[in-house]
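A.B. asks: Have a look at this one before I ask anything.
Since every read-out is calculated from the coordinates, none of them should be taken as a lab result. Here the structure is a predicted model, which is why all the values come from computation and not from measurement. Note: ideal-geometry Cβ built from the backbone for every residue, glycine included; neighbour counts use all protein chains shown.
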2 protein chains.
Amino acid sequence: MNINYATIITIGDELLIGQVVDTNSAWMAQELNKIGIPLKHRVAVGDKWEDIWNSLDEESKHASIILITGGLGPTSDDITKPLLCKYFGGNLIVHQPTLEYVTHLFKNVFKRPLQDMNKRQAEVPDNCIVLRNERGTAPGMLFEKEGKLFISLPGVPHEMKWIMENEVLSLLPKKFKLANIVHKTLLTAGIGESFLAELVKEEEAALPFTIKLAYLPNAGMVRLRLTATGEDKALVEKELITHFNKLKTRVKEYLVIDEDLPIEAAIGRLLIEKGHTLSTAESCTGGYISHLITSIAGASAYFKGSIVSYDNEIKQNLIQVPQQVLNTMGAVSEETVKIMAENVRSIMKTDYCIAVSGIMGPNGGTVEKPIGMVWIAVASSKSILTKRFDFRFTRERNIQLTAINAINMLRIALCG
Amino acid sequence: MNINYATIITIGDELLIGQVVDTNSAWMAQELNKIGIPLKHRVAVGDKWEDIWNSLDEESKHASIILITGGLGPTSDDITKPLLCKYFGGNLIVHQPTLEYVTHLFKNVFKRPLQDMNKRQAEVPDNCIVLRNERGTAPGMLFEKEGKLFISLPGVPHEMKWIMENEVLSLLPKKFKLANIVHKTLLTAGIGESFLAELVKEEEAALPFTIKLAYLPNAGMVRLRLTATGEDKALVEKELITHFNKLKTRVKEYLVIDEDLPIEAAIGRLLIEKGHTLSTAESCTGGYISHLITSIAGASAYFKGSIVSYDNEIKQNLIQVPQQVLNTMGAVSEETVKIMAENVRSIMKTDYCIAVSGIMGPNGGTVEKPIGMVWIAVASSKSILTKRFDFRFTRERNIQLTAINAINMLRIALCG
């Protein structure tokens with residue numbers, strides 16, 4: 001079967017100077033894969049006429065679908081539209097429905113006068129199909145040339161997503177016969193990549209050439225992803241599931257969840273299943289654990305709240321950690337996190353409470369308590385788990401690793 | 001002057017199926033730009049021999065420096081090392097210092113037995129220069145071919161960063177004569193991209209061709225970036241600063257900070273300057289505001305803590321929002337956020353307190369209080385600011401916009 005590949009070209013100097021992290025491409029890749037369109041490349045180019053033009057030439061050699069994001073704004077650094085107009089030999093004309101929508105947005109939503117440059121957002125090449133954008137003023141555009149599709153979308157993430165979801169993803173299967181690609185993922189914690197590889201080597205050796213295994217380490221956890229490709233969807237899925245189940249059995253000691261979900265979603269499910277509630281008492285993570293937990297829709301079913309006690313005064317006055325403990329053992333100690341977890345569990349009236357205290361850097365370390373040293377406690381009505389960690393990284397990564405490990409300790413407590 | 005461009009090739013199927021957001025490229029791009037190396041492209045390719053090989057051929061046509069990340073792990077899906085060995089016609093040999101370092105890591109840091117596959121991490125092509133990696137087991141490799149540099153680095157972000165900072169960035173200026181690129185950025189809030197463009201059109205028209213202006217909208221704010229390139233560093237900087245100051249004067253009403261810093265860093269500086277302290281009372285943002293503020297090193301100088309009252313019980317019992325207010329006005333109301341801000345300011349004994357309550361979606365909206373509706377309050381000893389917002393986006397983006405707008409309201413309160 002001939003596979004139709006896609007390529008994503010992202011346009012913008014901000015990508016090449018690193019001022020913006022490209023989150024669009026990952027999202028687009030996920031959505032394309034779901035409907036059976038694998039990616040060949042992702043390419044970022046600057047706001048330069050020649051570079052954009054060349055990337056269109058180059059990428060259309062390798063892919064059937066070329067998705068282009070960025071450079072559609074109203075300002076002078078946005079050159080994608082005139083470029084595409086010229087590339088495909090068209091003329092700019094006013095697209096009446098877009099002009100009406102832009103006028104409506106300025107009048108009723110933004111409540112600001114319409115500028116000339118905003119009106120020009122409604123101009124499109126006369127040889128494209130206009131893709132509606134209900135989230136903003138720049139419409140998407142679709143061009144066809146020599147059997148290839150070129151789709152231009154705004155770079156603003158929520159505008160791009162709206163057009164993908166409402167216009168592009170339903171259109172592609174009508175244009176191309178698509179492959180069946182199925183991914184299944186296991187999330188593991190508490191084991192390194194090379195030990196995991198050693199553990200599953202038999203299962204890996206037994207995989208047919210149509211199924212691929214990938215190791216994806218991130219923030220102290222490793223995801224194992226199986227990917228199967230083929231023509232017959234039922235057959236592809238059946239074979240994948242057989243191998244997936246063998247892998248799952250082998251890693252069960254380290255298994256967090258058998259889906260491609262973050263650990264904060266996995267513990268949300270566990271808490272709902274068991275009908276338990278949660279609170280957090282955070283010092284060094286400054287609310288990041290609470291943020292991760294509440295980033296999951298529906299978290300209000302099990303999460304009650306958090307006390308972020310960044311200052312010791314708050315630990316003492318609001319959480320009632322005795323001054324003597326803070327003076328003798330210090331804020332970063334097993335005693336302090338134990339009392340934080342127990343007291344906030346009682347203040348918030350929850351079944352479980354996570355508490356953390358540590359030194360995230362880049363300053364504040366001592367010989368006895370170096371940067372990266374963290375104490376974590378998980379309290380329930382029956383028991384209290386505590387553990388010391390020593391991370392060796394940047395502030396950002398230390399905060400992230402502390403949060404992930406704290407949530408994993410909650411998972412261990414919940415499981416048993 | 002001949003500009004030496006770099007290209008970043010990131011390797012890994014996880015990038016093409018969107019399982020991982022590529023944060024490496026943005027960081028690398030920033031560091032390269034700082035030392036005068038602009039990027040030509042950023043390209044992501046899968047773990048496929050032919051695709052990696054072709055990208056090396058293709059990118060070396062456009063750039064003098066080809067940075068390659070990923071595919072250096074110990075498992076079978078990692079093929080970068082054997083590929084580079086073949087591409088440059090070398091043979092794999094054991095690199096003794098790396099073997100000693102890997103052995104040390106397993107013995108003293110990981111405290112686990114060394115596997116055969118870990119030992120193989122110390123094998124390198126005999127025609128490369130080995131770049132030390134003190135953060136992990138995979139060393140970096142540098143190859144030279146026809147005047148071009150090829151640098152291979154691990155994909156794990158903190159390992160890649162360590163090698164860049166300790167080996168690569170000091171080496172590049174010795175190999176190439178580099179251009180002077182200077183960027184200066186203004187962060188604005190409270191004005192849309194097109195209105196900003198209208199506001200600065202005179203200043204934009206007056207820019208010489210060596211200075212470029214870019215508009216970077218993100219999360220309700222717009223950054224304006226000027227970029228100047230030239231041979232004479234002092235001249236480039238002088239000319240840039242003249243234009244930068246004109247731009248700054250023009251946008252002063254909307255100016256958050258005249259550096260490329262996030263707003264949470266800008267308010268940190270303001271709080272230190274004025275000697276004021278801060279706390280937060282968060283409902284719908286679930287700790288995200290507190291997380292942003294504490295992501296800045298040194299935040300303990302002004303931030304005391306937060307009460308995340310996700311459940312109304314916590315608002316009532318811990319923050320003392322009267323039950324009657326919650327029953328009659330609701331948790332998402334001006335009255336509730338006012339009381340939250342005032343009471344938590346008093347509980348935490350801070351000069352300022354930010355409070356937020358809203359409906360982030362995807363569920364929980366009503367006709368009267370739709371998804372995206374948010375009340376924000378900022379309390380000080382002298383006054384209280386309140387404002388209602390109506391966002392129209394996904395849960396993730398609604399949380400982000402609420403946090404950014406809340407921090408901006410604090411900035412307005414601080415500035416008087």
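A.B. asks: Once the principal axes of the Cα atoms of the range B:103-185 are found, what is the range along each, listed largest first in whole angstroms?
C.D. replies: Dimensions of the range B:103-185 along the principal axes of its Cα atoms: 49, 36, 17 Å.
A.B. asks: Nearest-to-axis residue of chain B, judged by Cβ, for the B-to-A rotation, with distance in whole Å?
C.D. replies: B:GLY287, 2
A.B. asks: Considering every residue in B:70-79, what mean count of other chain Cβ atoms within 10 Å of its Cβ is obtained?
C.D. replies: The shielding value for this peptide is 4.
A.B. asks: For B:LEU261, place a label point 7 Å out from Cα along the Cα→Cβ vector, do the same in each other copy, and report the separations in nm, one decimal, smallest first.
C.D. replies: For B:LEU261, the other copies' label points sit at 4.0 nm, shortest first.
A.B. asks: Over chain B, what relative contact order in percent results from Cα pairs under 8 Å that are six or more residues apart?
C.D. replies: Relative contact order of chain B: 10 percent.
A.B. asks: Sticking with this one: Once you order the gyration tensor axes a ≥ b ≥ c over the Cα atoms, which shape class does the range A:2-90 get: rounded for a/c under 1.5, otherwise prolate or oblate by comparing a/b with b/c?
C.D. replies: Note, shape of the range A:2-90 comes out oblate.
A.B. asks: Mind checking the mean number of beta-carbon atoms from other chains within 10 Å of the Cβ atoms in A:309-315?
C.D. replies: 6
A.B. asks: Can you put B:TYR254, B:TYR215 in order of Cβ neighbours within 10 angstrom, beginning with the fewest?
C.D. replies: Ordered by Cβ neighbours within 10 Å, fewest first: B:TYR254, B:TYR215.
A.B. asks: Quote the Stokes-Einstein diffusion coefficient, in whole µm² s⁻¹, for the range A:150-270, based on the Kirkwood radius over alpha carbon pairs, a temperature of 20 °C and a viscosity of 1.002 mPa s.
C.D. replies: It diffuses with D of about 130 µm²/s by this estimate.
A.B. asks: Could you go through the range B:106-117 in sequence order and give the Karplus-derived ³J(HN,Hα) for each residue, using 6.51 cos²θ - 1.76 cosθ + 1.60 with θ = phi - 60°, rounded to whole Hz, and x for Gly and Pro?
C.D. replies: For the range B:106-117, the Karplus-derived couplings read 5, 6, 9, 9, 6, 6, 9, x, 7, 8, 4, 5 Hz, x marking Gly and Pro.
A.B. asks: Hey, can you grab everything whose amide H is under 5 Å from the amide H of A:GLY71? Only 5+ residues off in sequence or another chain; H modelled, so Pro and N-termini drop out.
C.D. replies: Excluding prolines and chain starts, which carry no amide H, the hits are A:GLY155.
A.B. asks: Between the range A:348-363 and the range B:362-382, what's the alpha-carbon centroid distance in Å?
C.D. replies: About 28 Å separates the Cα centre of the range A:348-363 from the one of the range B:362-382.
A.B. asks: What is the antiparallel percent of DSSP beta bridges lying wholly in the protein assembly as shown, to the nearest 5?
C.D. replies: DSSP beta bridges in the protein assembly as shown are roughly 65 percent antiparallel.
A.B. asks: Mind jotting down the distance between the C-alpha centroids of the range A:36-83 and the range B:280-344, whole Å?
C.D. replies: 44
A.B. asks: OK, next. Beyond 54 Å, what share of the Cα-Cα pairs of the protein assembly as shown is found? Please give it as a whole percent.
C.D. replies: In whole percent, the long-distance tail amounts to 10.
A.B. asks: With a ≥ b ≥ c taken as the square roots of the eigenvalues of the C-alpha gyration tensor of the range B:6-175, please select rounded if a/c is under 1.5 and otherwise prolate if a/b is larger than b/c or oblate if it is not?
C.D. replies: Cα axes put the range B:6-175 in the rounded bin.
A.B. asks: Through the Karplus equation 6.51 cos²θ - 1.76 cosθ + 1.60, θ set to phi - 60°, convert the phi angles of the range B:301-309 into ³J(HN,Hα) values in whole Hz; use x for Gly and Pro.
C.D. replies: 5, 9, 9, 9, x, 8, 10, 8, 9
A.B. asks: To one decimal in nm, how far is A:GLY89 from the same spot in the other copies, if labels go 7 Å from Cα toward Cβ? Please give the shortest first.
C.D. replies: Those separations, rounded to one decimal, come out as 4.5 nm.
A.B. asks: Compute the label zone of B:THR366 within the range B:337-351: residues whose backbone N is under 20 Å from the point 7 Å along Cα-to-Cβ.
C.D. replies: Answer for the range B:337-351: B:337-340.
A.B. asks: Using the Kirkwood formula over every pair of different C-alpha atoms, what hydrodynamic radius in Å results for chain A?
C.D. replies: 24.8
A.B. asks: Right, another one. List the distances, in nm to one decimal, from the label point of B:LEU385 to the label points of the same position in every other copy, shortest first, placing each label point 7 Å from Cα along the Cα-to-Cβ direction.
C.D. replies: 4.3
A.B. asks: Can you give me the Kirkwood hydrodynamic radius for the range A:263-415, using every pair of distinct Cα atoms, in Å to one decimal?
C.D. replies: Computed over Cα pairs of the range A:263-415, the Kirkwood hydrodynamic radius comes out at 15.1 Å.
A.B. asks: If neighbour count is taken as other Cβ atoms inside 10 Å, put A:TRP53, A:TRP162, B:TRP375 in order from fewest to most.
C.D. replies: By the 10 Å Cβ count, ascending, the order reads A:TRP53, A:TRP162, B:TRP375.
A.B. asks: Hey, what do the phi angles of the range B:338-345 turn into as Karplus ³J(HN,Hα) couplings, whole Hz, using 6.51/-1.76/1.60 and θ = phi - 60°, x for Gly and Pro?
C.D. replies: Couplings: 4, 5, 4, 5, 5, 6, 6, 4 Hz.
A.B. asks: Ok, one more. Of B:CYS415, B:MET340, B:THR402, which is farthest towards the positive pole of the range B:296-416's charge dipole, taken about the Cα centre with +1 and -1 on the beta-carbons of Lys, Arg and Asp, Glu respectively?
C.D. replies: B:CYS415
A.B. asks: Past 28 Å, Cα to Cα, is the threshold; run A:LYS40/A:LYS238; A:LYS86/B:LYS252; A:LYS349/B:LYS338; A:LYS248/B:LYS161; A:LYS81/B:LYS246; B:LYS34/B:LYS212 against it and keep the listed order.
C.D. replies: A:LYS86/B:LYS252; A:LYS248/B:LYS161; A:LYS81/B:LYS246
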